[in-house]
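Here's the structure we're looking at; comments come further down.
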Amino acid sequence: MADTDKTKEQFTNKQEEMLQQVAVLEASQAKHDQHKTRMWEAEEYLKSYIESAPDGVYINDLNGTFLYGNKKAEEIIGYAREELLGKSFLKLKLLPPKHLIKAAKLMALNSIGKRTGPDEFELIVKGGGRKWVEITAAPIKQDGKTMVLGFVRDVTERKKDKEIEKQYVDDQAFLSKTATELVFLSLEDDIYTFIAENLRKLVGNCTVIVNSFSEKSGNFTLQSIAGAGRRINALTRVLGKHPIGMTIPIDNRVKPDITSGVLNKVPGGLYELSFGALPKPICHNIEKLLSLGDTHAIAFSWKGYLYGSAAILMHRGNIIRNPHAVRTFVNQVSIALQRRQAEQELKQAHDELEMRVKERTRELEKANEAIKESERKYRLITDNTADFIAMTTFEGVYVYLSPSHKRLGYTESDLLGKNALQIMHDDDRKRLLPLLAKYAGMKIKGLFGLKNESFSQTVSYRFPDKWGNWHYFESTGSIVDAIDGKGLNILFITRDITERKQVEEKLESAAQEWRITFDSITTPVSIHDKNFRLIRANRAFAETFHINLKELNGRPCYKLIHGTDEPMVGCPLAKTLATGLPATAEFFEPQLGIYLNVSSSPVFGEDSQVLSCVHIASDITKRKQTEDTLRFLTAKSERMSAMSTLAAGVAHELNNPMMGILNLIQYCLKHTSEDDLRYPVLQDSEREAKRCADIVKNLMSFSLSGQEGEVEYEKQRVAIIIDRVIKLLSYRTEREHVTVTCHVAEELPEIWIKTNAIQQVVLNIVDNALDALAGCPKKEIYIEAQPEGEFAKILFCDSGCGIAPETQERIFEPFFTTKPVGQGTGLGLSVSRNIVNEHGGSITCESTPGTGAKFKMLLPIHTRRKEEKQDEQASPGD
Amino acid sequence: MSKRVLVIDDEKAVQKSFILALEDTGYHIDTVRSGEEGIEKIKFDRYDIIFLDLKMPGLDGVATLRELRQIDRDVPIYIITAFHVEFLDKLKNATKDGIDFEIIDKPIGSDQILSLTRGVLEGAMDHSPRSEQNV
C-alpha cells in the first residue's frame, strides 16, 4: 500500500510537472506564433522532447486519424507508427464500444477549441490486450486546420491498484452486507438460493450450483442454481432430469479432505480447483460441467463439518475477481450454515418443546375442562339436588351447606358455624353422639394416613326447619377431605324422609290393621312357601292347630299339623304347589278330631312361578255334623218316603184282608150263641182285628205326612188328633211306663186345620216329651186343650228334666238337637213351628230346669177364608 | 121286589164281607171283580146301592164311577177304599163335575155295612158315612 501511495505521489508530481510544461509549451506556442524562426528551433526541440516524452503524445485530426505519434505512444498502444499514421482510432478499434460516445463528446469539445482531460479510457491494444490510459487533449491549429494534440499516459497499473482498492472496498461492503443478511436470514428463507445469488455477485457473470451435504446419507444434494439462464437445459442434460433434485454421493473417506481443503494434493486424477479440491465422484460430475465453462468448486465447511459445496461455472477467460472475498463469503456462509443448523436444531427443539407444551397445555386444558365439568356437575347436583348436602367438622359444626337447605327456610348464615347436633331433636342427639365419637376415632386414624379406610354410615333423626316443623332426616356421612384441603370433614348427604316416614307409618298401621284383621279372622289362614314351610299364619291358625307361631323351626306344615313326614294324600297345598292352580279338599284330621275344609290359592312371583300358597283351613266339624244330620234326615226322609209307599201298599193290601177277617169274625160271632165258649174268643178276635185296622189306619195317616201339601184345611176336633197320637205312641208309652193324661175341654169347637200336619206336630211334641222322660223317675205327660179367645190352646207338659233357658229358643232352630247324633232329626220342632205358623198360630216353650218342659200351642179356631170356602163345599154334604 | 146291591171289588174277601153282612136282609147282592163288569151289570140291571172299590185291575174306581153315573145318575154310590190318596185329585175333579158319591175307608165291619146299606135302602139316613168315619 505504501508503494502505491508513493507511486501516486510521483504520478501527481509528474502530472503537475507536465501541466507546467504544457503551460510552458503553450507559452512557447504563442512565442512561436510571434517568432516563427524561434518556433522552428523550438519545434525541433519540442519534436525531440515529444519524441522522448515519458507520456505518449499523438496528434490526430478531428476525424480521429492519427497524424503523429511519439515513441511512448507507440509503446502504449502497441502499434508501430507506420501502423497508426493515417488511420483512425475507430478503424483501429482502439476503444471498446463503451468509450466511443465519450471519445466523440471530447472530440467535439476539442473541435470548438476546448481542452479536455485528463480522461480515462480503456484501450484495446494490439493483440486484444487492454490498458487503462489517461488522455489529455487540446486543440491545435496548423495550417488553418484544427487538430488535436493528445497526451496519453499508461495508467493501467494505477488503475489496477485503484480497481483492486475499489474491489476491496466493494467486497468489504458486500461481505459485511451479506454477513448481516446471513445473520438475519430467517430459517424459512432458502439459504442456498441466497448463497448462489450472492456468490454470483462475487464472481461475476457465471452459473453457481449450490449443494447441501447430509452427514446422515453422505450425499450432496443440489439445492440451488443461480445465473443458469439458458444453460439450465444444458445443465439438465449433464446432471439429469432435474438438476435441483440431483444428489451426489460422497465417499466418507474423502470428506475430511474436502473440509480441510487440501484435496488438491490427493493423487488419483483430482481436479485442481481455485478453492480446494473435491473427491472424484464430485469431480466426475464437475468434469461434465467443464464442457460448459471453467469450473471452480468450493466446499462450505466449518470446524470440521461439511455443509455443502458450490460449483461455479464461468465463461472461458473470466476469472474470479476476488478470491479473498469469495473465501470470506464461503466462510461466512459456513458459519451461517452452522448457525442455521444450530438454529434449526434449536427450532426443532423449540418446536418439540412447543409441541410438548401445547400437548401438555391441551392435556391440562382437557383436565381442566374435566375438572370444570365435574365441578359443574357437582355444583349442579349440590345446587339442585332434593337432598341436603352438608359438610361438618368432626364435632358436627357446619362448614358447608348446599343451597337446598333453603327449602328448610335456612340461609347459609343460619346454619354455618352452628352445630348440627344442637339443632336436631334431643332424643336423636343422644343417640347419635356415640356415632360421632366413632367418626372422631376415624379422624385420628385419618391423621395417621388411614383415610382410605372409608367409613360411612346411614343414620336417621329428626331435624327442625326454620318454622319449627320436625322433619325426618336420613343422612349418610362419609369422611372426606376438607374443602380447603386442610384436614378432614364429614360429608353428610341427607334426605328428607318425612313423607316416606309418614307413608311408612301408614303402611305400618295398614300392616297392623291387616295383621289385626288377619288375626281376627276366625278361620285359620296361613301362607306357606314352596317347601310347605309356614311363612305366616293368623291367630286362629295357631289356636286351631295348637301351634306356637314363634317356634316353627322351619318345619313343614304337614309335620306341624298332621305330624306326618310328607304331605297328606290329597293335600290341596301340594296340589297347588305342583299345578299352580287353586285347590280344595275336605278331610277329617284325626289328630285334632275335627273336619277341615282346606283351600289353597297360589301366590305368583315375578317369574310366574308359584312363590307361596295361601292356605285357608276351615273347621267344618259343625257343618259336617249338620251335613251328617241332613244326610241322616234325607236318608230318613227317603226311608220314610219308601216306608210311606210301602205302608200305603201294605195298608191297601192289609185293609182288604182285614176287612175280610173282621167281617168273617163278625159273621161267626153273629152265628154263635153267647153261651158258646167260642163266643168270647170270637169277640177277642173281632177286637184284635179292629185294633189291627186302627193300627193300619194310623200308620197310613202318618205315612202320608209331607204328601199333604195339597190337602185342604178341614174342620177337626182336637180330641181326635190327640187321641190318634196317643194311640200311635201307645206301644212306646206302655213299654216305657209313661202315664199320658189328656183333657180336652168340651166347649172347644172343631178347628180349621190340616189334620195330618197338626197331627204330626202333636206327635213331635209328645215324642220329644217321651224322649225327655227317658231316665226320669217320674214319667208323666199331661195334655190339655181349651179355648183361649180366638185360639185353641193346647198345652203339653212333661215331668222330665226340663230345658235350659238358653236352649229354649234355640230348640225351634232347624237342626238344633240335644239328642245324640243319629237319634234326633233336629227338624221336629222347627218343622212344627213352621206348620203352626202356617196355620196362623204359635208354639212356644216354657220350661224351668227340674220342673219339666211345657209347650204351648195356639191354633186359631176360625180361619175365615178357609171357613167360608169350606162352608160352601161342606154345606151340600151336611 | 127285593132291593138290589152291587159290590164292585176285585177282592174276594171284600165281596164276601158284603155278602155275609147282608145275608139276612133279603137284598139281592151282586158282586163283580172289575169296573168293566160292574158297568155291564148296571146296563141291564137296576141297583139301589153300589159299593165301589177304587184300586182295581182295568178300569179304576173313579173311571168306573164316571161310567156308572152316565148310566145311572141317581143310584147312591159308596166308594169303599183302603187307600184313596192317589185318587184324591180324580175324586175332587169328579166332585167338581157334579158326580155324586160317598167315601168310606176300609176296613168296615158287618154292622157298619148292614146299617149303612139298610140306612140307604130303607131311607133311614141318620148315619152318614162321614160321621161314621169320625167316630
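FYI, it's all coordinate maths here, none of it is from the lab. Fair warning: this is a prediction, and the values are worked out from it, not measured in the lab. Virtual Cβ from ideal backbone geometry, glycine too; neighbours counted across all protein chains shown.
State the extension gain, in nm to one decimal, for the chain segment bounded by A:ASP189 and A:GLN341, taking 0.36 nm per residue of separation less the distance between their alpha-carbons. Let's see the in-between values first.
On the way: separation 152, 0.36 × 152 = 54.72 nm, distance 1.32 nm.
This chain segment gains 53.4 nm when fully extended.
Around the amide H of A:SER799, modelled in the peptide plane, lie the amide H atoms of A:GLU780, all under 5 Å away and 5 or more residues distant in sequence or on another chain.
Treating only the Cβ of Lys, Arg, Asp and Glu as charged (+1, +1, -1, -1), what charge dipole size does the stretch A:461-544 show about its Cα centre? Round to the nearest 20 debye.
Working: 12 positive and 13 negative charges, 42 e Å.
Its charge dipole is roughly 200 debye.
Dipole magnitude for the stretch A:166-215: computed about the Cα centre from +1 point charges on Lys and Arg Cβ and -1 point charges on Asp and Glu Cβ, it is near 300 debye. When A:VAL57, A:VAL208 are arranged by Cβ crowding within 10 Å, least crowded first, meaning fewest neighbours, the order is A:VAL57, A:VAL208. Rounded, prolate or oblate: which one fits the stretch A:713-757, using the alpha carbon gyration tensor with axes a ≥ b ≥ c (rounded when a/c is under 1.5, else prolate when a/b beats b/c, else oblate)? Oblate, since a/c reaches 1.5 and b/c is not below a/b. The local environment of A:ASP387, defined by Cβ-Cβ distances under 11 Å, has a net charge of 0 under the rule Lys, Arg +1 and Asp, Glu -1. Once the Kirkwood radius over Cα pairs is known for the stretch A:497-588, the Stokes-Einstein relation at 20 °C and 1.002 mPa s delivers a diffusion coefficient of 144 µm²/s. Taking a ≥ b ≥ c as the square roots of the eigenvalues of the Cα gyration tensor, chain B is classed as rounded, since a/c falls below 1.5.
Give me A:TYR439, A:TYR378 ranked fewest to most by other Cβ atoms within 10 Å of their Cβ, as a rough exposure proxy.
A:TYR378, A:TYR439
Other residues lying with their Cβ under 10 Å from the Cβ of A:TYR398 contribute a combined charge of -1, Lys and Arg counting +1, Asp and Glu -1. Our coupling estimate for the stretch A:851-858, obtained by passing each phi through the Karplus curve with A = 6.51, B = -1.76, C = 1.60 and θ = phi - 60°, is 10, x, 9, 10, 9, 10, 10, 10 Hz, Gly and Pro reported as x. In this simple spin-label model, placing a label point 7 Å from the Cα along the Cα-to-Cβ direction at both A:GLN625 and A:GLU736 gives a separation of 2.2 nm.
Rounded, prolate or oblate: which fits the stretch A:59-149 when a ≥ b ≥ c are the square roots of the eigenvalues of the alpha-carbon gyration tensor, with rounded for a/c under 1.5 and prolate only if a/b beats b/c? Since a/c reaches 1.5 but b/c is at least a/b, the shape of the stretch A:59-149 is classed as oblate.
Simple spin-label estimate for A:TRP514 and A:GLU9 gives 13.6 nm between the two label positions (7 Å along the Cα-to-Cβ direction from each Cα).
Computed from backbone phi, the HN-Hα couplings of the stretch A:654-671 come to 6, 4, 5, x, 4, 5, x, 4, 4, 5, 5, 5, 4, 4, 5, 4, 5, 9 Hz, rounded to whole numbers (Karplus: 6.51 cos²θ - 1.76 cosθ + 1.60, θ = phi - 60°; Gly and Pro given as x). Here the calculated FRET efficiency for A:LYS162 and A:GLU17, from their Cβ-Cβ distance with R0 = 25 Å, stands at 0.75, rounded to the nearest 0.05.
Placing dummy labels 7 Å off each Cα toward the beta-carbon, the span from A:GLN457 to A:MET568 is 5.3 nm. Between the amide H of A:THR523 and any residue lying 5 or more places away or on another chain, no distance stays under 5 Å, with hydrogens modeled in the peptide plane. As a proxy for reagent exposure, A:PHE388, A:PHE812 were ordered by neighbouring Cβ count within 10 angstrom, fewest first; the result is A:PHE812, A:PHE388. How big is the gap, in Å, between the Cα center of the stretch A:75-92 and the Cα center of the stretch A:153-186? Here the two parts' Cα centres lie 36 Å apart. Coupling constants for the stretch A:471-484 follow from the phi torsions by the Karplus curve (6.51 cos²θ - 1.76 cosθ + 1.60, θ = phi - 60°), and in residue order they are 10, 8, 10, 10, 10, 10, x, 9, 7, 9, 5, 5, 4, 7 Hz; glycine and proline get x.
What net charge do the residues around A:GLU359 carry, taking every other residue with its C-beta under 14 Å from that of A:GLU359, with Lys and Arg at +1 and Asp and Glu at -1?
Details: positive: A:ARG356, A:LYS358, A:ARG360, A:ARG362, A:LYS366; negative: A:ASP351, A:GLU352, A:GLU354, A:GLU363, A:GLU365.
Net of charged neighbours comes to 0.
Compared with the alpha-carbon gap, the fully stretched path from A:LYS105 to A:LYS71 is longer by 9.6 nm at 0.36 nm per residue.
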